[in-house]
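Each remark here refers to the structure printed beneath this line.
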Amino acid sequence: MSAPLDIHMFPCFWDNYGFLIHSPVTGETACIDTPEPDKIILALEGKDWQLSEIWNTHHHPDHAGGNMELKNLYGAKVRGCGADKSRIPGLDIELADGDSFMFAGHKVHIMETPGHTIGHIIYYIPTMKTAFVGDTVFALGCGRLFEGTPEQMYESIGKIAALPDDTKLYCAHEYTLSNGKFALTVEPDNQDLINYMEEAKARRDQNLPTVPTSVAAEKKANPFFRAATAKQLGKIRKAKDNF
Ligand code: ZN
Ligand code: FE
């Protein structure tokens, strides 16, 4: 078994998170998406890490907008969804559902999770019990359906829900309190959700992140994980859009 990877998380823009994943053994470092290059560069310098790879979850500017700057600066290779190659700047390695690759002795599995965008992928590392889920799911929420259908999002969330309960989910935005306010309108009597929100409020009061969450926590409290059908998920998503 390979030495564990270090994960470093830091805020970018207003509510995005930047993530670095680093092997203390090989020195390899990847960033998950490129929200705010200046913040990512500062984080790398603070740790004395050199960026070797960029792992894109999807094409939106707050996720892939810093690709070229970081690629040019560090010579990092860019991984992302092949289906979105025309929209991901500097894409070097095209990935698709079921693909995997090795990073510092750890196997990284690719799952396509369309819904928020068509070419959305997540990076799942079983040895770290960790998944970087981009804008597919958030703590107590899911991504807006900009490009995909409720059926696609239902299936995508189903894939994430099927991961082991103790899998940590690193979502790309701090949206938990506003998501939770809406979730409570869907299931006002869900005690797990009530407890989750109390904990989240306490963390935000201390300016602490509520990310990562876990598969187990979302299955108990997230209305989009709890939707029984794609149709129901679509209704909840629409209500959230108008909330
Ligand atoms: Zn997005
Ligand atoms: Fe985003």
| field | Amide N of segment 130-165 lying under 18 Å from the label point, which is placed 7 angstrom from the Cα of N242 along Cα→Cβ | value | 144-146, 150
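Can you give the helix-only mean residue ellipticity at 222 nm for the chain, where every DSSP H stretch with n ≥ 4 adds -39500 (n - 2.57) and the sum goes over all residues, rounded to the nearest 500 deg cm²/dmol?
Values: 9 runs with 84 residues, N = 243.
Taken over the chain, the calculation gives -10000 deg cm²/dmol.
Quick check on packing: order 31-38, 73-80 by the mean number of other C-beta atoms within 10 Å, highest mean leading. Mind showing how you got there, number by number?
Details: 31-38: 22.8, 73-80: 19.5.
My ranking of the peptides, most packed first, is 31-38, 73-80.
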| note | With every protein chain kept in place and a 1.4 Å probe, the residues Y196, Y175 fall, from largest accessible area down, as Y175, Y196
| message | Give me the percent relative contact order of the chain, please, defined on Cα pairs under 8 angstrom at least 6 residues apart. | response | 13
| field | Hits among lysines - C-alpha to C-alpha of K231 under 27 Å, sequence gap 8 or more where chains match | value | K159, K181, K219, K220, K240
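Using 0.36 nm per residue, how much length does the chain from A162 to L208 gain when fully extended, once their Cα-Cα distance is taken away?
Details: separation 46, 0.36 × 46 = 16.56 nm, distance 2.79 nm.
Difference between extended and current length: 13.8 nm.
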| field | Euclidean distance between Cα centres, segment 144-160 to segment 26-80, Å | value | 26
| field | Solvent exposure, largest accessible area first (probe 1.4 Å, DNA, RNA and ligands not counted), of M68, M128 | value | M68, M128
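Count charges around T113 for me, please; just the other residues with Cβ under 11 Å from its Cβ, Lys/Arg as +1, Asp/Glu as -1.
Around T113, the charge tally is -3.
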| remark: Taking a ≥ b ≥ c as the square roots of the eigenvalues of the Cα gyration tensor, with a/c under 1.5 meaning rounded and otherwise prolate when a/b exceeds b/c and oblate if not, segment 4-148 is rounded
| message | Bins of 5 Å, beginning at zero and ending with the bin holding the largest distance: percent of Cα pairs per bin for the chain, please. | response | 1, 7, 15, 18, 20, 17, 12, 7, 3, 1, 0
| With each pseudo-label sitting 7 Å past Cα toward Cβ, what's the E199-M68 distance in nm, one decimal? | 4.3
| In the chain, what percent of the accessible surface is made up of carbon and sulfur (1.4 Å probe, ligands and nucleic acids excluded)? | 52
| note | Contour minus Cα-Cα span, Q50 to A228, at 0.36 nm per residue, comes to 59.6 nm
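Heavy atoms only, 1.4 Å probe, whole protein assembly: order F103, F225 by accessible area, highest first.
Working: F103 0, F225 30 Å².
Largest to smallest exposure gives the sequence F225, F103.
The values are calculated or read from the model by the stated rules, or taken from the named source; none is laboratory data. Small disclaimer: the values here were computed from a predicted structure and weren't measured. Reconstructed Cβ throughout: ideal geometry from the backbone, glycine too, with neighbour counts over all protein chains shown. Side chains included, ligands, DNA and RNA excluded: accessible areas come from the protein's heavy atoms. Shrake-Rupley method; radii C 1.70, N 1.55, O 1.52, S 1.80 Å.
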